[in-house]
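The values are calculated or read from the model by the stated rules, or taken from the named source; none is laboratory data. From a predicted model like this one, the values you see are computed outputs, not experimental measurements. FYI the Cβ positions are ideal-geometry reconstructions off the backbone, even for glycines, and counts take in every protein chain you see. Surface accessibility is based on the protein's heavy atoms, side chains included, excluding ligands, DNA and RNA. Shrake-Rupley method; radii C 1.70, N 1.55, O 1.52, S 1.80 Å.
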Amino acid sequence: MRLTWPGHACVLLEGSQRVLIDPYVLNGTIPRDPDLVVLTHGHFDHFGETLTLNAPTVAINEIAKALKALGMQAEGLNFGGSLTINGVTISLTPAVHSASVLELDGTKAICGDAAGVVIRMDGVTVYHAGDTALFSDMKLIGELYHPDVALLPIGGRFTMDSAAAMMAAAYIGAPMVIPIHYNTWPAIEQDADAFKEAVERTTDMQVMVLPPGGSIEI
């Protein structure tokens, strides 16, 4: 599997399918023509270009219903639920974060709760925490799904910061950690290299700091 970080919380997984998570980038290019879009929640910096991509979309049930009402192909999930589409299994996990209301085609749509997602494809398991604070049940996510990669927000202010993300990484136990959701705006500036040094000095985990648009083979 090839993992690309276009920026912010947007991640593209390429294997037997092209799976695009949270299609928003402030300054950059959103990958086009995904086979599947997966949303963690409805805030603008995660919902992003979902409508213009018009690809099959998996999201928490309230968002999926709103997209279906617009004629899009969408599948709803809720916490603890899983769905397999063309060999890609998506599971929703809790996240500690706020929700919002979307303006879709002039209609307000309730977005349900914020979530994290676990995606299993081609024998690789990726956990995208979405926007979240640190919470102790991340230990259960690690024990239940055994992710190979954990994508963790480190920006602070609107999510956990680097120090809390270090604890999250330890709770989850994935051998590889990739920081996301930082340095998009001044309010969420963080030193990802310092985060990498601290995690690797104190654990056996590897931290990959990708530049926007950077990729790694998993």
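Looking only at residues that are small (G, A, S) and within 29 Å of L70 (Cβ to Cβ) in segment 102-148, which one is most open to solvent (accessible area, probe 1.4 Å)?
The extreme case among them is G106.
L151 passes every criterion in (1) surrounded by fewer than 19 Cβ atoms within 10 Å (Cβ to Cβ); (2) touching a residue at least 60 places away in the same chain (Cβ under 8 Å) apart from (1).
If you go through segment 77-123 and pick out every residue that is over 20 Å from A168 (Cβ atoms), of a type in the set (A, V, I, L, M) and at pLDDT 95 or above, you end up with 6. You will find that of A170, A174, the residue that is at pLDDT 95 or above, hydrophobic (A, V, I, L, M, F, W, C) and open to solvent by less than 10 Å² (accessible area, probe 1.4 Å) is A174 and no other. Checking each residue of segment 50-68 against the condition of being in contact with a helix residue (DSSP H, G or I) (Cβ under 7 Å, 6 or more places away or on another chain), more than 24 Å from G87 (Cβ to Cβ) and either buried (at least 21 other Cβ atoms within 10 Å of the Cβ) or modelled with pLDDT of 95 or more (or both) gives no match.
Name the single residue, out of those in segment 85-95 being of a type in the set (S, T, N, Q) and under 18 Å from E14 (Cβ atoms), that is surrounded by the fewest Cβ atoms within 10 Å (Cβ to Cβ).
In this case the residue turns out to be N86.
Residues in segment 2-27 that are open to solvent by 10 Å² or more (accessible area, probe 1.4 Å), in a loop (DSSP other than H, G, I, E, B) and closer than 20 Å to T89 by Cβ: 3 in all. Out of all the residues in segment 158-174, which are under 17 Å from E200 (Cβ atoms), part of a loop (DSSP other than H, G, I, E, B) and in contact (Cβ under 8 Å) with a residue 40 or more places away in the chain? Answer for segment 158-174, where residues must be under 17 Å from E200 (Cβ atoms), part of a loop (DSSP other than H, G, I, E, B) and in contact (Cβ under 8 Å) with a residue 40 or more places away in the chain: just A174.
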